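In what follows, a structure is listed as structure tokens, so that the remarks can point back to it.
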Amino acid sequence: MTDGDGQLEARLTEQEVFEPPEAFTAGANVSDPDIYEKFEEEWPACWESAADLLEWESTYDQVLDDSNPPFYEWFTDGKLNASANCLDRHLDERGDEVAIEWIGEPVEEANRSFTYAELHREVNEFAAALRELGVGEDDIVTMYMPMIPELPIAMLACARIGAPHSVVFAGFSAEALATRMNAADSEYLITCDGYYRRGDPLDHLDKANEGLAGVEHDTSTVVVDRLSDNGDDFGHELTDDQYDYADLVEDHAGAEVDPVTRDAEDMLFLMYTSGTTGQPKGVKHTTGGYLSWATWTAHAVLDVKPEDTYFCAADIGWITGHSYIVYGPLTLGTTTMMYEGTPDYPDRDRLWSIIDEYDATQLYTAPTAIRAFMKWGSSFPENHDLSSLRLLGTVGEPINPRAWKWYYTHIGNEECPIVDTWWQTETGGMMVTTLPAIKDMKPGAAGPPLPGVDVQIVDALGEEVEAGQAGYLTVQKPWPGMLRTLYRNDERYIQEYWAEYSDTESDDPEDWVYFPEDGAKIDEDGYITVLGRVDDVINVSGHRLGTMEIESAIVGVEGVAEAAVVGGDHDLKGEAVYAYVITEDGYDGDEGLRERIIAGVEEAIGPIARPEQVVFTPDLPKTRSGKIMRRLLENIADGDELGNTSTLRNPEIVEDIQRQVQG
Ligand code: PRX
């Protein structure tokens, strides 16, 4: 649990169960309870039902090729194109319906809607332009863009010509951009001049240019002009290898680009995510398996229908936005909404005013946002008509029952099911959650695994734990949306996700178990409560940050000798970054150094990794063998009882640190 009184709350609410609201169940996409049994019996053929939601140029030979675990292949030899699935297939019937409804942050700015026909046109034009710039099949194109329509347009244009994209969250730093472009040898960048945050224009191109300066090879960059229509401008001049997006699209007006035939196993995109080492992991997702997974889960769990106006309030810079703003919803032919700004601008009712105005039918967001809404108070949603909502969802971190109930009551009016969806960048889409028309909801528990998904909670030896016991979440069988490898690093792929519970010498798929590095427990009904990461990864507001990445940023600051970073409980963010720092001789742990440390972290990673607290200490608690006791530092950050510290090499340091944290 992430809230202070979490354990008490969990006990009080243990028995609480909510049935799927009747208003919802009648029209749901998936309502046959036999689906669980059927998928188990028919595994892996059950996944044809996911593949069937796509349009294939030529059908596949085999649903699953598991002859070389853990390098599984799905829908082998099937041919398709993701952009054709998101666009072309809808033109006849839904060409004039809205595909993307975009809302900018400035309230006075008009929204921008793209019908399927309009989106198709612009994607084609931009695809033609990218080709002319030299982008070929399998060239990796990096996107460093905020929530503007040109981001999904660029993704789909790349998908159309078979060029995998690698989207870097716009809030990441220049250095993070450079690291990712270098790691992928990406020669193309699509970015923009700026965007709006809480009423002010932000200079984004400056940061992108700084990142490009750190890229080791030649690059071409496309720059979208986001600001000048609103009269804002940072006076950037484009260089010789930089192209204006609007000019490129205009130069290719009316162009049509045939969607490139891609193999089901061809890469659709790369997404870099944090791991336990400093180097981000390039998660590889494929065209057939990923797209069918994002689409099937959007259909079955989010209950997306073509006539919906579906709102996922995530950022496309993260996997949630890839799967559940862009690929899943567009493949299903619905209207997907995009909002550029923050939920509290110009006031704390912005999301509710958007839902009210556009009659949004689903809302999918993160617990961190829900906790903020709860803190701001129910008067903000109460001033709006939210009766268009049919379903609510959460993702990214555990949701505490109190926030769950607030969401259920104040946003869903007790008429919308809530799907608490557990999954990861690596899984491509949802894995553990209730099917909303079939399963009862238990606040705090994500739910049972989806049909056809084989999750077990095991102990350190890989044996299943009893109901109620804490253990490790594992996935015992492959699934279509799974990552295929870490880009150019098959060995790390095996080490990071499989080695823990698999017999890595075996070629029998039964001997291979996927380990997502989460702790969890399961109850008698098979409902899983995810307890959080068990590796050195912190989950801040639903976003993954590696402690090593942050530590290496901090030790890079002049005056720092050593640093240990841990996650501590935080009311709103779930977890927050706590940094314990030993200064170099001759330096004081003063305000100046604290500021430089914070700036160093923001520069290396981005403001999202900003430490909540920087604690200067003459030493770190260490075991006799010299290992830093991180668990103890976490307990200190959380204000927990510490237990016996006498086995430490330096027990006297503990009180000192505690005093500072509480101070
Ligand atoms: O620890 C789990 C947590 O978020 C991690 C995945 O982070 P990321 O790859 O950034 O993807 C976030 C969006 C899918 C998981 O390993 N997590 C995600 N969803 C939940 C969750 N923890 C508890 N409950 C969830 N519903």
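The values are calculated or read from the model by the stated rules, or taken from the named source; none is laboratory data. This structure is a prediction, so every number in the text was calculated from the model and none was measured. Here Cβ is always computed from backbone atoms with ideal geometry, including for glycine, and neighbour counts include all displayed protein chains. The area values use the complete protein model at the heavy-atom level, side chains included, leaving out ligands, DNA and RNA. Shrake-Rupley method; radii C 1.70, N 1.55, O 1.52, S 1.80 Å.
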Residue hits (the stretch 432-463; of a type outside the set (D, E, K, R), within 25 Å of residue 271 (Cβ to Cβ) and out of contact with any Ser or Thr (no Cβ under 8 Å at 6 or more places or on another chain)) are 449, 452, 453
So which residues in the stretch 147-181 are farther than 19 Å from residue 104 by Cβ and in contact with an Asp or Glu (Cβ under 6 Å, 6 or more places away or on another chain)? 162, 163, 173, 174
From (1) under 29 Å from residue 380 (Cα atoms); (2) in a loop (DSSP other than H, G, I, E, B), pick out the condition that doesn't hold for residue 404. (2)
Can you tell me which residues in the stretch 230-249 are of a type in the set (Asp, Glu) and in contact (Cβ under 8 Å) with a residue 24 or more places away in the chain? 232, 233
Hits in the stretch 407-427 - residues which are in a loop (DSSP other than H, G, I, E, B), open to solvent by less than 20 Å² (accessible area, probe 1.4 Å) and within 16 Å of the ligand (Cβ to nearest atom): 417, 424
Residue 506 vs. criteria loosely packed, with under 14 Cβ neighbours inside 10 Å and either among the hydroxyl-bearing types (Ser, Thr, Tyr) or within 16 Å of the ligand (Cβ to nearest atom) (or both): yes
I'm trying to understand the selection: among the residues of the stretch 510-522, which are in a loop (DSSP other than H, G, I, E, B) and within 15 Å of the ligand (Cβ to nearest atom)? 515, 516, 517
Filter the stretch 573-596 down to residues that are in contact with a Ser or Thr (Cβ under 6 Å, 6 or more places away or on another chain) and part of a loop (DSSP other than H, G, I, E, B) and give me whichever is surrounded by the fewest Cβ atoms within 10 Å (Cβ to Cβ). 589
For the stretch 442-470, name all the residues that are open to solvent by less than 10 Å² (accessible area, probe 1.4 Å), under 15 Å from residue 514 (Cβ atoms) and away from the ligand (no atom under 13 Å from the Cβ). 457, 458
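Just to confirm my filter: which strands (runs of 3 or more DSSP E) fall fully inside the stretch 150-267 and include at least 3 residues that are farther than 23 Å from residue 127 by Cβ?
Working: elements: 165-167, 188-192, 194-197, 200-203, 220-224, 242-244.
Once the strands (runs of 3 or more DSSP E) in the stretch 150-267 are filtered for at least 3 residues that are farther than 23 Å from residue 127 by Cβ, what remains is 194-197, 200-203.
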Identify all residues within the stretch 209-244 that are surrounded by fewer than 17 Cβ atoms within 10 Å (Cβ to Cβ) and among the β-branched types (Val, Ile, Thr); write none if there are none. 219, 239
State which residue is surrounded by the fewest Cβ atoms within 10 Å (Cβ to Cβ) when the search covers only the stretch 563-572 and only residues that are in contact (Cβ under 8 Å) with a residue 60 or more places away in the chain and in contact with a strand residue (DSSP E or B) (Cβ under 9 Å, 6 or more places away or on another chain). 569
Is it the case, given these coordinates, that residue 538 is of a type in the set (Val, Ile, Thr), open to solvent by less than 40 Å² (accessible area, probe 1.4 Å) and touching a Lys or Arg at 6+ places or on another chain (Cβ under 8 Å)? yes
Only one of 351, 386 that is away from the ligand (no atom under 16 Å from the Cβ) and in a loop (DSSP other than H, G, I, E, B): 386
Return the pair list, or none, for Cβ contacts closer than 6 Å from residues in the stretch 315-338 that are under 16 Å from residue 424 (Cβ atoms) to residues that are open to solvent by 10 Å² or more (accessible area, probe 1.4 Å) and small (Gly, Ala, Ser), at least 6 apart or on different chains. 320/314; 321/314
In the stretch 176-188, is there at least one residue being closer than 26 Å to residue 350 by Cα and touching a helix residue (DSSP H, G or I) at 6+ places or on another chain (Cβ under 6 Å)? no
Is it the case that residue 315 is within 13 Å of the ligand (Cβ to nearest atom) and acidic (Asp, Glu)? yes
Filter the stretch 17-31 down to the residues that are in a loop (DSSP other than H, G, I, E, B) and touching an Asp or Glu at 6+ places or on another chain (Cβ under 6 Å) and list them by number. 17, 19, 21, 28, 29
Hits in the stretch 542-562 - residues which are open to solvent by 30 Å² or more (accessible area, probe 1.4 Å) and more than 10 Å from the ligand (Cβ to nearest atom): 548, 552, 555, 556, 558, 561, 562
